[in-house]
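The values are calculated or read from the model by the stated rules, or taken from the named source; none is laboratory data. Bear in mind that the values here come from a model prediction, so they are computed numbers and not experimental data. Counting neighbours? That spans all protein chains shown, and the Cβs are built from the backbone with ideal geometry, glycine included. Only protein heavy atoms, including side chains, enter the accessible area calculation; ligands, DNA and RNA are left aside. Shrake-Rupley method; radii C 1.70, N 1.55, O 1.52, S 1.80 Å.
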Amino acid sequence: MINSSRGYKVFQVVNVLIMLVVIFVTLYPFIYLAAISFSSESYVYAGEVAFLPKGFTTMTYEVLMKEKDFWTGYKNTIVYTIVGTAICLFMTTILAYPLSKKRLKGRGIILAFIVFTMYFNGGLIPNYLLVKHLGMRNTIWAITIPGAISTYNMIIMRTFFEGLPNELEEAAMIDGMGTYRILVSIILPLSKPIMATMALFYAVGAWNNWFGPFLYFDKQEMFPVTLYLRNMIAGAQQTAVSSGSNTEDLTQIAATVKAATTILTVLPILCVYPFIQKYFVAGVMIGSLKE
């Protein structure tokens, strides 16, 4: 008993040390980027920044915050994320729910066609031509509708629906409920974990999406913040020039703009994640396994 107790204590110590290492490895890139974004350009170019900022300055953030296009891009990103996530959740749900029912005729064939799209697709040029001929260029639908359903997410949600007791639906049918009423009143309230998980997946994808707008948007006022920041990283000095900055400011911004833009892009998602973490863990575990 004593040996077992000592062994358990050793296990706890080792486990804590391993977890601390994992936490450090996970957090260090963000700490490093934050330190660079607030450091003076001379220390950045000299490679002297590690954990804490050196030559503390907020010049890059000040220049970014003064840009009207930056705030326009943030507003666009919020709209694209909310609308895109809502469309994706709706489309994924109405596809996953029927496919979770064994009584659906042709379920295997339909699922085979859907899984096929995970490995083969039309390619970049056909997708662009399709969006163009549908008249969706320079509209929000160009980046929300084509990728509205993720096959991987749909399979996870379908597996979750399959794990729900059939007796609930049978009892509801006896009470006179129809299919849509059962889905809205019974299935969805019981599916908060998987819905929160899918919302997180789709929201992160929509928030970070810059390539779709890069292809389909010509108007700068429609750019999301990720595309605006991507363009600014490619030409960091343009922002400083438009803000009337001097030569020293140009050098400072060029040195820290990548780190600052990364922090500004990632921070909102990091703030949202803790509020849905419990649903995220439960949704992934329940949706990916079935007894």
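Accessible surface of the chain, 1.4 Å probe: 67 percent of it comes from carbon and sulfur atoms. Normalising the average separation of contacting C-alpha pairs (under 8 angstrom, six or more residues apart) by the number of residues puts the relative contact order of region 1-110 at 14 percent. Would you mind telling me which residue in Phe38, Phe223, Phe116 has the biggest mean-square fluctuation in a Gaussian network model of the chain, where springs connect alpha carbons within a distance under 10 angstrom? Among Phe38, Phe223, Phe116, the largest mean-square fluctuation in the Gaussian network model of the chain belongs to Phe116. Shape class of the chain from the Cα gyration tensor (axes a ≥ b ≥ c, square roots of the eigenvalues): oblate, since a/c reaches 1.5 or more and a/b does not exceed b/c.
For the pair Ser185 and Ile31, label points projected 7 Å from Cα toward Cβ lie 5.4 nm apart. For Phe56, the shell of other residues with beta-carbons less than 15 Å away shows a net charge of -2, using +1 for Lys and Arg and -1 for Asp and Glu. Were the residues from Leu164 through Val10 laid out at 0.36 nm apart, the gain over their Cα-Cα distance would be 51.3 nm.
GNM on the chain, alpha-carbon springs under 10 angstrom: the most fluctuating residue among Phe201, Phe90, Phe24 is Phe24. Solvent exposure of region 6-57, expressed per residue, is 73 Å² of accessible area, with all protein chains present and a 1.4 angstrom probe. For region 1-98, the square roots of the Cα gyration tensor eigenvalues, ordered a ≥ b ≥ c, give a/c of at least 1.5 with a/b no greater than b/c, which places it in the oblate category. Which of the pairs Lys68/Lys132; Lys75/Lys132; Lys132/Lys258; Lys68/Lys219; Lys132/Lys219; Lys75/Lys192 have their Cα atoms more than 21 Å apart in this structure? From Lys68/Lys132; Lys75/Lys132; Lys132/Lys258; Lys68/Lys219; Lys132/Lys219; Lys75/Lys192, over 21 Å: Lys68/Lys132; Lys75/Lys132; Lys132/Lys258; Lys75/Lys192. Using just the helices of the chain, give the 222 nm mean residue ellipticity in deg cm²/dmol: DSSP H runs with n ≥ 4 each add -39,500 (n - 2.57), and the total is spread over all residues, rounded to 500. So the calculated ellipticity at 222 nm is -24000 deg cm²/dmol. Computed extension length for Ser42-Asn138: 30.4 nm, one decimal, from 0.36 nm per residue of separation with the Cα-Cα distance subtracted.
If I build a Gaussian network model for the chain, linking alpha-carbon pairs within less than 10 angstrom, which residue out of Phe113, Phe11, Phe275 has the largest mean-square fluctuation? Most flexible of the set in this elastic network: Phe11. Computed about the Cα centre, the dipole magnitude for the chain is approximately 800 debye when only Lys and Arg (+1) and Asp and Glu (-1) carry charge, each at its Cβ. When only Cα pairs below 8 angstrom with a gap of at least 6 residues are kept, region 6-57 shows a relative contact order of 30 percent.
Measuring nothing but how far apart in sequence close Cα pairs (under 8 Å, 6+ apart) lie, relative to its length, the chain scores a relative contact order of 30 percent.
By the Stokes-Einstein formula, at 0.692 mPa s and 37 °C, region 6-57 with its Kirkwood radius over alpha-carbon pairs has D equal to 258 µm²/s.
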